[in-house]
Amino acid sequence: MRILGVNFARRHPLALALAGVVLAGALWSHPTIVDAVTGAVPGDTELTRPLLYTVLAPLSNVLDALTFLSLGRAQAALAVWAFALGAIGAARRGTPRLRVGRALLGPIGILAVASATVALPRPVPRLAVSDSSVTVLNYHAHTNASHDGRKGWTAEDLGEWHAAQGFSASYVTDHNVVFTRRLERPIPLLPGAEWSVYRQHIIALGPVREIDRERYQGDTPRMLGLFAELHRQGTLVIASLPEYWRNHRESLDAFVAAGVDGFEIVNCAPKAIGFAAPDRRDVIGLAARHDLLVTGASDNHGWGKVTCVWNVSVPGGHGFRANRVITRPIVLAQGDAPAWSAAVTQPWLMFRSLSWSERVSWLTWILVLSIYRSVPRRQGQRAGLGILARSITPGESPRAAGRPGVP
């Protein structure tokens, strides 16, 4: 294949390889969203994408994929990419100073992309539901009232963040701070708190009141006594990830006996997103046997622009069947894919989850940039679009400057 007389395959092997991966992802594709309990595609919900999100799909998808990395996989992926780009830059021909500059450019670029992932304003996908009677909820989110909340991240900011992604309402569960404000716009924000007690974070939802946390420190039995106190307040008690998974895996039956109302099974925080599939299945089985709620949590603290999970709450539902956890499959894979493989497996998971509109956007950008790079130009000049990229030396005719080789 030749474009403007230049052998495309020879000049652009990376572009061809990237286009091949984009298309290969369609052959081994997985759904954009699934039910975290059943693994099935939810027929009454869909993930819609703003036009700008799709137009900028290469940027949108990469930033989303970085957001959905577990902490260990994120560290491994960024380290590998920074090292690889630095090595490529250093290996290119040039003066020692130029090669050092190129070697530093790659890691700096990786740092810039990582910063953009958590702070860059951008369009995000939105969950759309066909049943108007259900409520799309978030059970766990933070404002700047939490010690680790983003500075300036107000309840109003949190409400707008949720509304943009299709949530109907969200509980506000700041660390050891009761949320008492009444906000109805753009969505209702509901009262809650996240109590930090002995090696565990407990999500309290509803009419929360202050507690003496010291009474529930020291050991697991004392911590479990908090459940009864919260029930006396009339609140719902949810065990948060990753603490019950890391610290109390052998005590989950005791959680049930103490009166826990449910367990998080998906949490978007980097330290919690690596919940392994076998552990998740065990907790889902435990919740099903005892008719307990299972939930997903954005655990948003003001960092990052996109959620990995939504809860579809069924009106009048109770216990295990009262809520459906809708999540991105790339998230469910984080606990099972080795951390060292993240630099390769995370892009592949991303390409497998693209919609066809996103694939077309990727291919269009690859083609446009390849054409840009393929336009004939005089030796020594940088890539550009025709005469717009060329300089005309004094005494040289535009015709000669635009057509190399013309006398």
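The values are calculated or read from the model by the stated rules, or taken from the named source; none is laboratory data. Predicted, not measured: the structure shown is a model, and the values here were computed from it. When we count neighbours, we look across all protein chains shown, and the Cβ atoms used for this are built from the backbone with ideal geometry, even at glycine.
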Take Leu385 and decide whether it is at pLDDT below 55 and more than 29 Å from Ala269 (Cα to Cα). yes
Under the condition of being part of a loop (DSSP other than H, G, I, E, B) and more than 21 Å from Pro125 (Cα to Cα), which residue from region 183-204 is modelled with the lowest pLDDT? Glu184
For region 169-205 the number of residues that are of a type in the set (Asp, Glu) and within 12 Å of Ser240 (Cβ to Cβ) is 1
Failed item, numbered, when Asp148 is tested on (1) touching a strand residue (DSSP E or B) at 6+ places or on another chain (Cβ under 8 Å); (2) at pLDDT below 90: (2)
Just checking, which of Arg10, Arg73 is modelled with pLDDT under 95, among the basic types (Lys, Arg) and farther than 30 Å from Ser132 by Cα? Arg10
Could we say that Trp153 is closer than 20 Å to Trp310 by Cα, aromatic (Phe, Trp, Tyr) and touching a residue at least 60 places away in the same chain (Cβ under 8 Å) here? no
Residue that is nearest to Arg324 (Cα to Cα) [pool: residues in region 115-155 that are touching a helix residue (DSSP H, G or I) at 6+ places or on another chain (Cβ under 8 Å) and crowded, with 18+ Cβ neighbours inside 10 Å]: Asn138
Any residue at all in region 236-253 that is more than 28 Å from Ala276 (Cα to Cα) and either of a type in the set (Gly, Ala, Ser) or crowded, with 17+ Cβ neighbours inside 10 Å (or both)? no
What do you reckon, is Thr180 of a type in the set (Ser, Thr, Tyr), exposed (fewer than 15 other Cβ atoms within 10 Å of the Cβ) and not in a strand (DSSP E or B)? yes
The residue from Leu224, Leu158, Leu190 that alone is over 26 Å from the mean Cα position of the chain (by Cα) and crowded, with 16+ Cβ neighbours inside 10 Å is Leu224
Count, please, the residues in region 234-275 that happen to be of a type outside the set (Phe, Trp, Tyr), under 24 Å from Ala141 (Cβ atoms) and touching an Asp or Glu at 6+ places or on another chain (Cβ under 8 Å). 10
Selection from region 261-271 of residues that are assigned to a strand (DSSP E or B) and either free of Cβ contacts under 8 Å to residues at least 40 places away in the same chain or over 13 Å from the mean Cα position of the chain (by Cα) (or both): Gly262, Phe263, Glu264, Ile265
Take residues that are farther than 17 Å from Pro31 by Cα and more than 19 Å from the chain's Cα centre (by Cα) and tell me which of the helices (runs of 4 or more DSSP H) falling wholly in region 272-380 contain 2 or more. 277-289, 356-374
Which members of region 11-26 meet the condition of being within 14 Å of Leu369 (Cβ to Cβ), surrounded by 13 or more Cβ atoms within 10 Å (Cβ to Cβ) and not β-branched (Val, Ile, Thr)? Arg11, His12, Ala15, Leu16, Leu18, Ala19
2 or more residues in contact with a His (Cβ under 7 Å, 6 or more places away or on another chain), in contact (Cβ under 8 Å) with a residue 60 or more places away in the chain and at positive phi: qualifying helices (runs of 4 or more DSSP H) within region 24-141: none
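Each row is one residue, and each column tells you yes or no for (1) under 20 Å from Asn311 (Cβ atoms); (2) touching a helix residue (DSSP H, G or I) at 6+ places or on another chain (Cβ under 7 Å); (3) in contact (Cβ under 8 Å) with a residue 24 or more places away in the chain.
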position	(1), (2), (3)
Arg222	no, yes, yes
Arg232	no, no, no
Trp245	yes, yes, yes
Ala258	no, yes, yes
